[in-house]
Amino acid sequence: MESAPARPRPALTPGSVLPDDADRAALVARVYAPEWDGPCVAAVRGEQVVDLTAVTPTVSDLLERDDAATVVREAVGDHAWPLDDLLDATATGRRDVPHLLAPIDLQVIKAAGVTFARSLLERVIEERAGGDPAQAAHVRERVRQAVGGALDGLRPGSPQAGKVKELLVSEGLWSQYLEVGIGPDPEVFTKAPVLSAVGTGADIGVLADSGWNNPEPEAVLVVDSGGRVRGATLGNDVNLRDIEGRSALLLSRAKDNNASCAIGPFIRLLDDDFDLDTVRGLDIDLRVDGADGFVLQGSSSMREISRDVLDLVAATHGAHHQYPDGFVLFTGTLFAPTEDRHAPGAGFTHEHGDIVRISSPPLGALVNTVVASEQAPPWTFGVRALMHNLARRGML
């Protein structure tokens, strides 16, 4: 990824980031408040964002409440900010005035991989190509000829999946990615540390030495300590294809880097207007606008996921693993770009200054500018800082 002296900033307005039916949505935000030198839990109510920190000091606490949606809609706050002002400060990189943060705090950031057949095949292609984009086109054709439509509608862990596995093993094409894609157990990994996610309008990081990478637009479930899905948001689980393609054991280097996890713009809580079936039917759109004029567009439909979202939650949380502060779960993506950006057969990769917009009508839009992880603002505010900050403010 080439470097550049300056980076474009996306234009953010309420109309461009809010859900289409924002007037009916219970929306949770987090705002950095300079007067407190720390974050505030907030509710988005029309053109105003209301501070709820005195009612619930963390988003994690809020989501433990059965009346969370009522609190977000009705609780009296100590202060409010115009949404326009927050978005302007966020988009222009102003950190000396109130601005938006990622809408989660103490939740563990988990991710499920290879949950869609189309992206599953691209993971196999990465592996077979050894992370070399120049080899991807040849490998892609061989894999498609061998696999064909064998994965369409296949239920992971089923007897039919077992037969497909036997076929692919006989063809010499079995892969660890196919194991988690159609086998009985999904891939669930820890994407990033607690409090390290960036929000809408922020820079999103790609390692400077990665030469083959792409955004991953995903629906993100927000789950409480009891394993209940309480809401959803959007996420970008940035994928460094060259690094993970060399070895799946490099997953942490490929996935967990400075500013490499974006979540937002807001958490939409489940209610009568937005339930799990709505999440199961989400269409998620992606647009990348490069400073070089390159435009990439794509989409991912949750209707094509191979495992139900509750099955993914059960694989993450249960008697085998607990999360006392809750967790968020990236659910995977159908999107895997193969368009050539620079040279025939080279495929897509990010450039410094790409503006990435991930959107879905019920959830709004998550918008970020791509930079090298090494050049993104360093992550300095962790759990210890949050606890000290809330204690100083009398919130604990």
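The values are calculated or read from the model by the stated rules, or taken from the named source; none is laboratory data. Every value quoted in this text rests on a predicted model; they were computed, and no experiment measured them. Heads up, the Cβs are rebuilt from the backbone with ideal geometry, glycines too, and the neighbour counts pull from every protein chain shown. With ligands, DNA and RNA removed, areas are computed over all heavy atoms of the protein, side chains included. Shrake-Rupley method; radii C 1.70, N 1.55, O 1.52, S 1.80 Å.
Scan (1) buried (at least 17 other Cβ atoms within 10 Å of the Cβ); (2) under 30 Å from residue 154 (Cβ atoms) for the single condition residue 132 breaks and write down its number.
In the conditions (1) buried (at least 17 other Cβ atoms within 10 Å of the Cβ); (2) under 30 Å from residue 154 (Cβ atoms), residue 132 misses (1) alone.
So how many residues does region 175-213 have that are free of Cβ contacts under 8 Å to residues at least 24 places away in the same chain and either open to solvent by less than 10 Å² (accessible area, probe 1.4 Å) or within 19 Å of residue 153 (Cα to Cα) (or both)? Full working, then the answer.
Initial filter on region 175-213 (free of Cβ contacts under 8 Å to residues at least 24 places away in the same chain): 179, 209.
If we keep only those that are either open to solvent by less than 10 Å² (accessible area, probe 1.4 Å) or within 19 Å of residue 153 (Cα to Cα) (or both) as well, we get 179.
Residues in region 175-213 being free of Cβ contacts under 8 Å to residues at least 24 places away in the same chain and either open to solvent by less than 10 Å² (accessible area, probe 1.4 Å) or within 19 Å of residue 153 (Cα to Cα) (or both): 1 in total.
Among the residues of region 323-363, how many are aliphatic (A, V, I, L, M) and either touching a helix residue (DSSP H, G or I) at 6+ places or on another chain (Cβ under 7 Å) or open to solvent by 10 Å² or more (accessible area, probe 1.4 Å) (or both)? If you could, list the steps in order and put the result at the bottom.
Looking only at region 323-363, we keep the residues that are aliphatic (A, V, I, L, M), and these are 328-329, 334, 336, 343, 346, 355-356, 358, 363.
Then drop every residue that is not either touching a helix residue (DSSP H, G or I) at 6+ places or on another chain (Cβ under 7 Å) or open to solvent by 10 Å² or more (accessible area, probe 1.4 Å) (or both), which leaves 329, 334, 336, 343, 346, 355.
Result for region 323-363: 6.
Which one of these does residue 167 not meet: (1) open to solvent by 10 Å² or more (accessible area, probe 1.4 Å); (2) under 29 Å from residue 348 (Cα atoms)?
Just one mismatch for residue 167, condition (2).
Give just the number: which of (1) open to solvent by less than 70 Å² (accessible area, probe 1.4 Å); (2) under 19 Å from the mean Cα position of the chain (by Cα) does residue 382 not satisfy?
In the conditions (1) open to solvent by less than 70 Å² (accessible area, probe 1.4 Å); (2) under 19 Å from the mean Cα position of the chain (by Cα), residue 382 misses (2) alone.
Determine which single condition residue 336 fails, assuming it passes every other condition in (1) closer than 29 Å to residue 183 by Cα; (2) touching a Leu at 6+ places or on another chain (Cβ under 6 Å).
Of everything listed in (1) closer than 29 Å to residue 183 by Cα; (2) touching a Leu at 6+ places or on another chain (Cβ under 6 Å), residue 336 misses just condition (2).
Which pairs have Cβ atoms under 7 Å, sit 6 or more apart or on different chains, and link a residue in region 91-117 that is free of Cβ contacts under 8 Å to residues at least 24 places away in the same chain to one that is surrounded by fewer than 24 Cβ atoms within 10 Å (Cβ to Cβ) and in a helix (DSSP H, G or I)?
Close Cβ pairs (under 7 Å, with a partner that is surrounded by fewer than 24 Cβ atoms within 10 Å (Cβ to Cβ) and in a helix (DSSP H, G or I)) do not exist here.
A quick yes/no check of all residues on (1) in contact (Cβ under 8 Å) with a residue 12 or more places away in the chain; (2) under 13 Å from the mean Cα position of the chain (by Cα); (3) crowded, with 18+ Cβ neighbours inside 10 Å:
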| residue | (1), (2), (3) |
| --- | --- |
| 223 | yes, no, yes |
| 249 | no, no, no |
| 258 | yes, no, yes |
| 279 | yes, no, yes |
| 283 | yes, no, no |
| 291 | yes, no, no |
| 299 | yes, no, no |
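With the requirement that a residue be part of a strand (DSSP E or B) and either on the phi > 0 side of the Ramachandran plot or small (Gly, Ala, Ser) (or both), what does region 247-279 give you? Please lay out each step first, then the result.
Just the residues of region 247-279 that are part of a strand (DSSP E or B), to begin with: 261-269, 271, 274.
262, 264, listed by residue number.
Run residue 111 past the list (1) at pLDDT 95 or above; (2) aliphatic (A, V, I, L, M); (3) farther than 30 Å from residue 211 by Cβ and report the number of the one that doesn't hold.
(3)
Out of region 280-303, which residues are in contact with a Leu (Cβ under 7 Å, 6 or more places away or on another chain) and assigned to a helix (DSSP H, G or I)?
302
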